Structures are given as structure tokens and as C-alpha cells.
1. With a 1.4 Å probe and every protein chain left in place, tell me how much accessible area F423 has, in Å² to the nearest 10.
2. Please work out how much accessible surface D68 shows to a 1.4 Å probe, ignoring ligands, DNA and RNA, in Å² rounded to 10.
3. Give the shape of the stretch 175-300 as rounded, prolate or oblate, defined through the alpha-carbon gyration tensor: a ≥ b ≥ c are the square roots of its eigenvalues, a/c under 1.5 means rounded, and otherwise the shape is prolate if a/b is larger than b/c and oblate if not.
4. Quick one: 3J(HN,Hα) in Hz for the stretch 266-274, Karplus 6.51/-1.76/1.60 with θ = phi - 60°, rounded, Gly and Pro as x.
5. Using a 1.4 angstrom probe on the protein heavy atoms only, line up V249, V473 by accessible area, largest first.
6. Could you list which residues have their amide H under 5 Å from that of M193, counting only those 5 or more apart in sequence or on another chain, with H placed in the peptide plane?
7. Under a 1.4 Å probe, what is the accessible area of the stretch 172-309 per residue, stated in Å²?
8. Quick one: pull the percent of accessible area on the stretch 337-433 belonging to carbon and sulfur, 1.4 Å probe, ligands and nucleic acids left out.
Amino acid sequence: MDSPPVIGNSLTARMIPRHSSLDSFGAMKVSLLVNLASIRVSKEELRQRVMLPKYLRLAILDCILRKDDSPSPAASSSVTSPSEDLTREVPLMVFVNPKSGGRQGPIIKERLQNLIGEEQVFDLTEVKPNEFIRYGLGCLEAFASRGDECAKDIREKMRIVVAGGDGTVGWVLGCLGELNLQNRQPVPPVSIMPLGTGNDLSRSFGWGGSLPFAWKSAIKRTLHRASVAPISRLDSWNILITMPYGEIVDPPYSLKSTQECYVDQSLEIEGEMPPSTNGYEGVFYNYFSIGMDAQVAYGFHHLRNEKPYLANGPIANKIIYSGYGCSQGWFLTHCINDPGLRGLKNIMTLHIKKMDSSEWEKVPVPKSIRAVVALNLHSYGSGRNPWGNLKQDYLEKRGFVEASADDGLLEIFGLKQGWHASFVMVELISAKHIAQAAAIRLEIRGGEWKDAFMQMDGEPWKQPMTRDYSTFVDIKRVPHQSLVVKGD
């Protein structure tokens, strides 16, 4: 059961079901994309295609700095005459996280600013994505409401490029998703420039696992591809953590405190409901996990922040990552009497809702499982596919369907210990399949565990627990899908 039959190793085959009638079209599409990637674009042609007119660039930056979405009188009066060609085919705005991966952000930012101007490239340590959405896009919308056709056209055509890791991409996508709630469509689609360690979102949508050695020319090609490539859809998932008193120390970007805590008490609760609760809410796009893998990620994350000179590139990062996996006891779980290394069955209860069902179903957590992952895409741990490419007869036997990025389902699987995880990561075997779910509810009880380690999209945290009361994790799909530009 742990190693069901699989078909090939192709990630593309996992994401897009094959149909014989489309083979010839697929070959023609591949040829077209290869030709697209080989197109040479000059700096001047790129600027003409993606740069905003100067008056809008300056007005947007001014609104963000003033934290006011109303253009200043000086900016409003600086609109040039129609003799200048102000139209842009696909205007781009770029966000750079200087802390991602090997901390290549500063030199990447300098290159981007040289290509498309300083006003269209934002350092995320200085300008947060929600600030750009509130004040920057608000500025464009204010111009458009006054009859500025150029601003209206740019607002409708705009695309976003994110230079960072999975956590950074998720942060930007989550902020853009707020536009749906505010009825401020269209929502700009996102392209990815991979600067992180795993870069699984980037891999899944054809942007690769890292920048190549010739990174300067690659950045220019990436900007061009971001402006011409087709758009695909991606499910996003809301997570609500309801915990007893206390707070999460140093939560990730995309996990925010909330007062709107709700626990469905129609389900059987094995622990006790706390007299008062504290809540955190966020959105993830690729995966949420609890247990062994999240603890390793947490250790690496803190080392990277405390000693950034050690984590100076993807290869060094992965070596450090592997070292943490060995040092924390996950390869010797049967020899070490540590409650924190025991199976999650001791502390966790899992309920799911299947597709098109309103009923909760309790799913047993296998005794040997020390990490549980809910996966949306088919790239995890730097491009691995732990769910596997499953044959149709196995899918039917287990009641599963072929997975895709926009099917409204999460694939839930488990990792047993360090050795099992290692074999899964090199794709010798598949992970332990647990379920497919349209919604998930976890109840976590403390006991001898003082903390549980969790992560979503590569951003880990330490979740405090108590002996007396349960903590609840609710996951459900966000109604609006996110838009991601296909890099391949």
C-alpha cells in the first residue's frame, strides 16, 4: 500500500492528464514554447512593452510613500499631452524579497531596476504587497475614475512578478486575493522569479527551480515571458487556527491574528474546549504540514535568520537542511525515548469532507506517521512528487481521482521517519496515502507535547499546545482561484 504503482517521473504528466487526441497539439505547443523562450528582446523593446508612463510611475510611488490612494495635485497636473504614446502592451510591477534563498535579492533588484526603472521594482522589506494594493492600485483606479484611459488600460492589463521563494509568492498572492473581497477586479496574475530554497510553486508553473548561471540575461527573458505567457488557475486554501490562550511567536507573513474563531462542535471533540480562544488565519497555495518535516524547516529557518552567511545559496541551503534532518533524531525514532519523536496519532485527530459532500468523515492517522502533509500541487521538497503518478486502477480502488492544481482537492499523505522520507524524496517509493479532501479539520491535543511544528508553503512556525485543551486547525478552499502565469 505504501508503494502503489506509478507512471513515469514527469511532473508535467502529473499536472495535465494525457489524451491521445491531443498529442499532436501538445508537440506543436512545446515547439511554440521553445521558440518563445529563445526570442531575444532588447532592453528598449522590453521597456516599451512593460514600463508605465512616467507620470503614473511617479504618482503610484508617491501614493505609496504618503500612504494615500488619492493622487496629489502635482501628480494630477503632470499628465502629459496625448502626443506621447502612453499605451503599454503588458505593464509589469515587480516585488523582490532580499531575504529569500541565498539572499540574492539586492543584486537581483539592482538588475531589475536597471531594466524597467526604480519605480516599478519594490523591495518587500520597504513596501509590503498590501500597501501596493491599497495605495498603488488605488492610485491607478483614482486616475481611471477621472477619465484617464491610459491608467484604466494599465490597471486592466497589469501583471505582477515576484522574485522570491514559495512563502513570498504565497504572501503576494494572498494580498492580491483581497481584491476579490473588495470587488476590485481584475486581479493581476503573478509570474515567479525563483530565489528561494525549494521553489515548488515556481517549478509547478514552469519557472524553474532557480535562476541559471547567466542570471542577468535570464532576468530579462523572465520579464519578457511574464508579459506574453498564458495564464492558468490555482486553488488557494484558507487556514484557521483556533488555540487556547497564548500566541504564536514569530508567525509567517501569511498568518495573521484574527478574532473570528469558530469551532464546529457538531464534530466529536476528543479533548476539552478552552474557555477562551485566540485565532490565526492565513492562506496557502502549495502545502500545509505538521510534524517532522516542519520541525526540520523550522530549525533551518532560524539558522538562516541568525547566521545568513551560512545560507548563501540553494546548494548550501539543502546541505544544511539535510543536516537538521539527521541531527533532530528522525532517523533513530525507534531508539530515542522522546515524546516529540512519537507518531502524530498520539496527539492528532483528522476529519475531512470529500468533494461534493457536506458530511465530515473521521480518517484514522496511521500509527507510524510522524509528518502529515496536505498538498495542493505536485511539487514538494524542491520538485519531488511524494503523492506519485498513480495508475487508474489504484485510484479507483482507493476512491481517489487524478490530482491537479485546480480540482478543489488536497492530497493528504504521511511520512513515517527520516529513512522513509528520504526514499520518498528520491522517488523510490510514494508517501503513505491517507486521503483526498475538499476540507480538513485537525484537533491537536498537547499531552507530553509542549509544541507542534507546522509550516505552509515553506514558512514554518512553532505551535504552542497545552495539556488541558485542544487546538483546532480548519482548512477550506477559498472561493476565488488565483491567477498564475505559466512560465513554460
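The values are calculated or read from the model by the stated rules, or taken from the named source; none is laboratory data. The shown structure was predicted, so the numbers you read here are calculated from the model rather than taken from an experiment. Neighbour counts run over all protein chains shown; Cβ positions are idealised from the backbone, glycine included. Ligands, DNA and RNA are excluded from the accessible area calculation, which covers all protein heavy atoms including side chains. Shrake-Rupley method; radii C 1.70, N 1.55, O 1.52, S 1.80 Å.
1. We get 100 Å² for F423.
2. The accessible area of D68 comes to roughly 60 Å².
3. Working: a/c = 2.89, a/b = 1.82, b/c = 1.59.
Prolate is the answer for the stretch 175-300, as a/c is 1.5 or above and a/b outweighs b/c.
4. 6, 7, 5, 10, 7, x, 10, 6, x
5. On the way: V249 110, V473 0 Å².
In descending accessible area the options line up as V249, V473.
6. Amide H neighbours of M193, under 5 Å, 5+ apart: V162, A163, G164.
7. Values: 5720 Å² over 138 residues.
Solvent-accessible surface per residue comes out at 41 Å².
8. Working: 2030 of 4110 Å².
Carbon and sulfur together cover 49 percent of it.
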